[in-house]
1. Using only the Cα atoms of chain B, build the gyration tensor, take square roots of its eigenvalues as a ≥ b ≥ c, and label the shape rounded, prolate or oblate: rounded if a/c is under 1.5, else prolate if a/b is larger than b/c, else oblate.
2. Explain nothing, just compute: Karplus ³J(HN,Hα) = 6.51 cos²θ - 1.76 cosθ + 1.60, θ = phi - 60°, for every residue of region B:124-129 in order, whole Hz, x for Gly and Pro.
3. Provide, as a two-decimal number, the C-alpha radius of gyration of the protein assembly as shown over 2.2 N^0.38 Å, N being how many residues it has.
4. So with the 1.4 Å probe, I'd like the accessible area per residue for the protein assembly as shown, rounded to whole Å².
5. Applying the Karplus parametrisation 6.51 cos²θ - 1.76 cosθ + 1.60 with θ = phi - 60° to the phi angles of region B:25-34, what ³J(HN,Hα) value in whole Hz is obtained for each residue in order, glycine and proline being reported as x?
6. Please list, in order, the residues from region B:222-246 whose amide nitrogen is less than 16 Å from a point placed 7 Å along the Cα→Cβ vector of B:Tyr180.
7. Which value in nm describes the separation of the simple spin-label points at B:Glu15 and B:Ser197, placed 7 Å from the Cα toward the beta carbon?
8. How many lysine pairs does chain B hold where the Cα atoms are under 30 Å apart and the two sit 8 or more places apart or on different chains?
Amino acid sequence: MKITVDEDKCCGAGSCVLIAPEVFDQREDDGIVILLDAEPGAGQHAAVREAAAVCPGAAIEVSE
Amino acid sequence: MSVNEQVLSYPIPAEAPLEPPAEWAELRGGCPVAHVKLPSGDAARLITRYEDVKQVLADPRFTRQLTAPDAARLSADGGGVFNSDVAQIIPDSGDGHLHWRRLVGKWFTAKRMAAMRPRMAEIADSLIDDLVERGAPGDLRAGLGFPLPVYVICDMLGVPAEDRERFSYWSDTLLNLTRYGKEEIEAAQAEFFQYMSDLIAAKRAEPGDDLLSELLAAGGPDEGGLEDLQIIVTGMALLVAGHETTANMIGKMVSMLLADRARWEALLADPSLVRTAVEETLRLDANSGFGLPRYLPVEAEIGGETLPKGTTVICSMAAANRDESAFEDAASMDLTRSPNPHLAFGAGAHSCLGQSLARTELQVVLEVLLRRLPTLELAVPVAELERVEGLAVGGLRTVPVRW
Ligand code: HEM
Ligand code: SF4
């Protein structure tokens, strides 16, 4: 699994961090997404897919 | 006459307190860009399909400029004294809005919310103590749902505990245009504004670990921060945006989960379902209020129809959230549903800034209730719950429970 995030689309609502805190974080100074792990292990895949599906800015792309 | 030909009055009334009106499914199926008449008498188009609602909310051509001369008025009295003033002080679109959102957004990170959890649980515990002490049956709305979000916002703004009741009163007056007279509302607004101005002066002199201090620390507009007036109004806007919405949702969430007690039992047996259960109640909230209005200053196409410049569109997120083409078995409540990309918090650049906070509050309330009052049940039949239409969001008048 490979993840990319689009900072311009991110609206900083933090849904991804609530679901997959080991993969996503938010910048301290504006709440925009930080990708901690672009190729997470299998244990994270379900959470990452969920985060991508619910991201209000459609800012998370996942390719398998 | 079928739903396709008539001009529906909007909002569409529902017969049962927790169930959607039958028209939603008909509209999604056969009339996804319906003609509706608003309470003001003005005409608008109602969008009910998931894809369409999501697309409109993410498309900047569909603006929030409801003050445009040819935009539909929502209600006859203009509705919302407060919103129009706020829009003049806090930028509503474009780069200015983005700048504001990023400054305020840094307080709403998921991490910060996680750090607030223990404090939220403490607040919930002490409110439940009071509810228990007063004895069953009690009103979960007045005893827990209504005060909790105000207390949380007060903590966030660095408002001392002894001033919380004043905040509750201000919030109530600003949001209940029907219950209070014009003079009372204006007096409350002036008092609230004065309080916030003083609070900001105090925070400037002695910064704390709170959102207002942080906004002040960013400096003035020249240094990339906000003007004092914008900070004051931001504080007021957060109370208005975050109180009624969350307060009502607590009542509706608990009612939905108790309406079929098997749901409550499932949560007691496996509290790890709390997170997905909260999302599912947000998705299935049939009484989420007016929906989101948008104004089109240019021609645009949606759902296969071309809408002329000047059209006002109402997005029904609640109808979209029950769209079979987006959610499997959309009408039924599945406490394990995942992913659950519902639109209760909107979508796109304006999607709810406080959604991590709201989610965390709802999760904490539910966790504490399951722990403290496992025998909780509704004290009246579901059909006797009574809806209220709020300014921003619908709710239940009371949520009578026993335990
Ligand atoms: C269950 C509770 C809540 C619901 C259902 C909800 C829903 C929404 C929705 C649908 C919007 C989008 C408005 C639009 O697109 O025009 C919104 C925006 C907003 N919400 Fe919430 N909200 C909730 C709780 C909160 C809380 C707790 C706060 C903060 C204290 C908050 C702060 C905001 C702000 C500041 C905006 C404006 C964002 C912007 O314009 O960029 N909300 N909310
Ligand atoms: S969920 Fe999407 S919009 Fe929200 S912080 Fe994560 S990437 Fe940004």
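1. Oblate.
2. Listing the rounded values in order: 4, 4, 6, 5, 5, 3 Hz.
3. Working: Rg = 21.6 Å, N = 467, 2.2 N^0.38 = 22.7 Å.
Working it through for the protein assembly as shown, the quotient is 0.95.
4. Values: 20050 Å² over 467 residues.
Value returned for the protein assembly as shown: 43 Å² of accessible area per residue.
5. With coefficients 6.51, -1.76 and 1.60, one gets 5, 4, 5, 4, x, x, 8, x, 10, 7 Hz.
6. So the set is B:236-245.
7. In this crude spin-label approximation the distance works out to 5.4 nm.
8. Value for chain B: 13.
The values are calculated or read from the model by the stated rules, or taken from the named source; none is laboratory data. Predicted, not measured: the structure shown is a model, and the values here were computed from it. Here Cβ is always computed from backbone atoms with ideal geometry, including for glycine, and neighbour counts include all displayed protein chains. Protein only, heavy atoms only, side chains kept; ligands, DNA and RNA dropped before computing areas. Shrake-Rupley method; radii C 1.70, N 1.55, O 1.52, S 1.80 Å.
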